[in-house]
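Below is one structure, written out as structure tokens; the observations come after it.
Please treat every number below as a calculation from the coordinates, not as lab data. Everything numeric in this text was worked out from a predicted model, so none of it was measured. So basically every Cβ, Gly included, is an ideal-geometry build from the backbone, and we count neighbours across all protein chains shown.
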2 protein chains.
Amino acid sequence: MNIAVVGSGLIGQAWAIVFARGGHEVRLWDGDPKAVTSALTLIAGQVADLKAAGLIDHPQALLERICGAQTLEEVLDGAEYVQENLPERVEMKKEIFGRMDKIAAPGCVLASSTSSIPASAFTEDLPGRARCLIAHPVNPPYLVPVVEICGAPWTDAAIVQKTWDVMESVGQKPVKIHRELQGFILNRLQGALLREAFKLVEQGYVDAEGLDVTVREGLGLRWSFMGPFETIDLNAPDGLADYARRFGGMYQSIAEEQTSTEPWSEALIEKLEASRRKILPKEQLLARRLWRDRRLMGLAAHKLAAEKNTK
Amino acid sequence: MNIAVVGSGLIGQAWAIVFARGGHEVRLWDGDPKAVTSALTLIAGQVADLKAAGLIDHPQALLERICGAQTLEEVLDGAEYVQENLPERVEMKKEIFGRMDKIAAPGCVLASSTSSIPASAFTEDLPGRARCLIAHPVNPPYLVPVVEICGAPWTDAAIVQKTWDVMESVGQKPVKIHRELQGFILNRLQGALLREAFKLVEQGYVDAEGLDVTVREGLGLRWSFMGPFETIDLNAPDGLADYARRFGGMYQSIAEEQTSTEPWSEALIEKLEASRRKILPKEQLLARRLWRDRRLMGLAAHKLAAEKNTK
């Protein structure tokens, strides 16, 4: 399949790798022609890292499936699926989707990577609004496979399905969101946990590092290969309903203490920031991000092997 | 150090392995003498599995450091640290802590594995209440290292520190909780996320399997080696405070939709149960638990290797 990637920043680069790794032909375009040239170089570096981690087999063939395009017309020519990755500003989304909808062939899917703007906010007035939707990745999508798929009320079900199929064809893990909502699913779950985490530190029950240890050495382990529902399903003799009936009262009683919606205070933010800077000085943030990406690569390789071995 | 494990069920067995793996001499006792014999057999099986997974080197030496005791007096004789694992009933905790406090040598730590009862609920009237506290593990502690340490208001700080040191000496990851609260830290964080998860399915935004995919293929990956604070610290150019200022508004706006404290309805519980049973029939629950434990073993081995390689 011919796939167009529109916007060649970090997310656009990562998508190009995902689609080419999955065997598709990828064209990459950016409003700034110089950005595409530099993106192609950065992509080659990332592909070399993936090869070194054992996550891909044929880096050269993969890279040959990615090429740059000079114009929006060229990137969309013959494309069956478009993944858009411009900055998170609704006016920019409106403008690019208007242009893409005029140029792209009928039936071509127009998907946006936005994490914060619903499709209804920038597609309502388009003749081809039924082929527009969100396909929200987690960065970088070649290491974190989930993709949240969320249409506007007018998005065609067949377009949602085609997007799902494209994602499955490249080994991503699509999740269908049935109605628009802020934060989609992933960030709402993250938000719920973060709110309690901020609160527990603010009220002095635990310090920030202790809270992180609780997750990375405990709570987060199962969640890296089972979801929260499967986790509780296996944590009571008779499964999920048994668990919910045993512990529902406890969780409800805890929930009654978790209803605060106060904004995070500046004092709390500064306290948490100070705690992190004691562990990781600001000048080491970049190095630690590279460490994180190596750990994500290692985890991805581990999960692939584990899934083969323990069906 | 001589360590006493009181109560030889699943958690007691797992603690015996943790302490013996860490080089301590372990004595194991149970109200039912037959339970100890069977526990020693089960422990040998678990140790063989750990050896097979590459998680321990000398299974025989480890097993030789664990022996059964016939009486409470015998298990406590010479012990410097006691880990109690009776059922989650406050009357049983009161009774056993009363007996242990009479018998154990002065200075011996009396720690309970309870996940739901604060130490103040069963130690207040004891002469040795200052040496009593909670050391709450996640099952099984030889694969999930976090231990939540939480004293009563009268627990001696030196006892908290000694418990911390014992846990570190065996490779566990202790977390200090500064005041008693229901659910400690781990289950409060789990509860906050579960509540939103139940709600999102109830309101029809996503189905249960889609929600699990969102976590196991996305949100849960970073949390298996970084906590939530380190995760956001690395997710904005200038670190945690930068992240909190960029996204605090979004999370607060989401939080305003997350304040419901209604109990989980029976209809919702049955819907989630039905969704799980379609994926995993009830008769496969046990096999899937063994799968989970193999995956946890694989993940533990992966994390050990990754921590060595990517300092």
Partner lysines for A:LYS308 [C-alpha distance under 27 Å; skip if fewer than 8 residues away on the same chain]: A:LYS51, A:LYS173, A:LYS176, B:LYS51, B:LYS278, B:LYS282, B:LYS303, B:LYS308
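Could you check what % of the DSSP bridge pairs in chain A are antiparallel, to the nearest 5? Please list the in-between numbers first.
Numbers: 5 of 29 bridges.
Here the antiparallel bridges make up roughly 15 percent for chain A.
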Sites matching GluC sites (Glu not before Pro) across segment B:82-151 that sit in DSSP coil, with at most 15 neighbouring C-beta atoms within 10 Å: B:GLU88, B:GLU124
Positive-end residue, the protein assembly as shown charge dipole about Cα centroid, Cβ charges, pick of A:CYS108, A:ALA306, A:TYR81: A:ALA306
Other copies of B:GLY78: label-to-label distances in nm, shortest first, labels 7 Å along the beta-carbon direction: 8.1
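Indicate the gyration tensor shape class of segment A:98-142 (rounded, prolate or oblate), computed on the Cα atoms with a ≥ b ≥ c the square roots of the eigenvalues: a/c under 1.5 is rounded; otherwise a/b larger than b/c is prolate and the rest oblate. Write down the numbers at each step before the final one.
Details: a/c = 2.80, a/b = 1.58, b/c = 1.77.
Because a/c hits 1.5 or more and a/b fails to exceed b/c, segment A:98-142 counts as oblate.
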Cα centre as origin, Lys/Arg/Asp/Glu Cβ charges: chain A dipole, Debye: 620 debye
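Among the trypsin sites (Lys or Arg not before Pro) within segment B:72-166, which fall in a DSSP loop and have no more than 13 other Cβ atoms within 10 Å of their own Cβ? Show your work: numbers first, answer last.
On the way: sites: B:ARG89, B:LYS93, B:LYS94, B:ARG99, B:LYS102, B:ARG129, B:ARG131, B:LYS162; in loops: B:ARG89.
Listed in order of number, the matching sites are B:ARG89.
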Under-5 Å amide H pairs with B:TYR81, H placed in peptide plane, nonlocal only: B:ALA4, B:VAL109
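Charges only on Cβ, +1 for Lys and Arg, -1 for Asp and Glu: so what's the dipole of segment B:1-55 about the Cα centre, in debye to the nearest 20?
On the way: 4 positive and 4 negative charges, 21 e Å.
The dipole of segment B:1-55 has a size of about 100 debye.
How high is the FRET efficiency from A:GLU257 to A:GLU80, r the C-beta distance, R0 35 Å, rounded to 0.05? Before the final figure, lay out each step's value.
On the way: r = 51 Å, r/R0 = 1.46.
Between A:GLU257 and A:GLU80 the formula returns 0.10.
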Along principal axes, Cα extents of segment B:186-279, largest first, whole Å: 45, 28, 24
Radius of gyration, Dmax [segment B:196-241; alpha carbons; angstrom]: 13.4, 37
Chain lengthening between B:LEU268 and B:ALA61 when straightened (0.36 nm per residue, less Cα-Cα): 69.5 nm
Farthest positive-ward along the protein assembly as shown dipole, Cα basis, beta-carbon charges - from A:VAL47, B:GLN13, B:PRO237: A:VAL47
Cα gyration tensor shape for segment A:249-311, rounded if a/c is under 1.5, else prolate or oblate: oblate
Position A:MET250, label points 7 Å along Cα→Cβ, spacing to each other copy in nm (shortest first, one decimal): 3.3
Number of partner chain Cβ atoms within 10 Å, mean per residue of B:259-266: 5
Cα-Cα separations in segment B:135-216 greater than 21 Å, expressed as whole percent: 46 percent
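Starting from the Cα gyration tensor of segment B:2-177, multiply each eigenvalue by 5, take the square root, and state the resulting semi-axes largest first in whole Å. Mind showing how you got there, number by number?
Numbers: eigenvalues 122, 62, 38 Å².
Values for segment B:2-177, descending: 25, 18, 14 Å.
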Segment A:206-279: GluC sites (Glu not before Pro) falling in loop per DSSP and having at most 14 other Cβ within 10 Å: A:GLU256
Rg(Cα) / (2.2 N^0.38 Å) computed for chain A, rounded to two decimals: 1.11
Backbone HN-Hα couplings from phi across segment A:127-144 [Karplus 6.51/-1.76/1.60, Hz, Gly and Pro as x]: x, x, 4, 5, 9, 9, 6, 9, 10, 8, x, 10, 7, x, x, 6, 10, 10
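I need the shape label for segment B:35-94. Rule: rounded when a/c is under 1.5, else prolate if a/b > b/c, else oblate, with a, b, c from the alpha carbon gyration tensor. Write down the numbers at each step before the final one.
Values: a/c = 2.32, a/b = 1.76, b/c = 1.32.
Because a/c hits 1.5 or more and a/b exceeds b/c, segment B:35-94 counts as prolate.
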Label 7 Å beyond Cα on the Cβ vector: B:ARG99 copy-to-copy distances, nm: 7.9
Descending Cα extents along the principal axes, segment B:93-168, whole Å: 35, 23, 22
Alpha-carbon Rg/Rh ratio, for the protein assembly as shown, with Rh computed the Kirkwood way: 1.01
Distance between modelled label sites at A:GLU283 and A:GLN203, nm, 7 Å Cα→Cβ extension: 4.0 nm
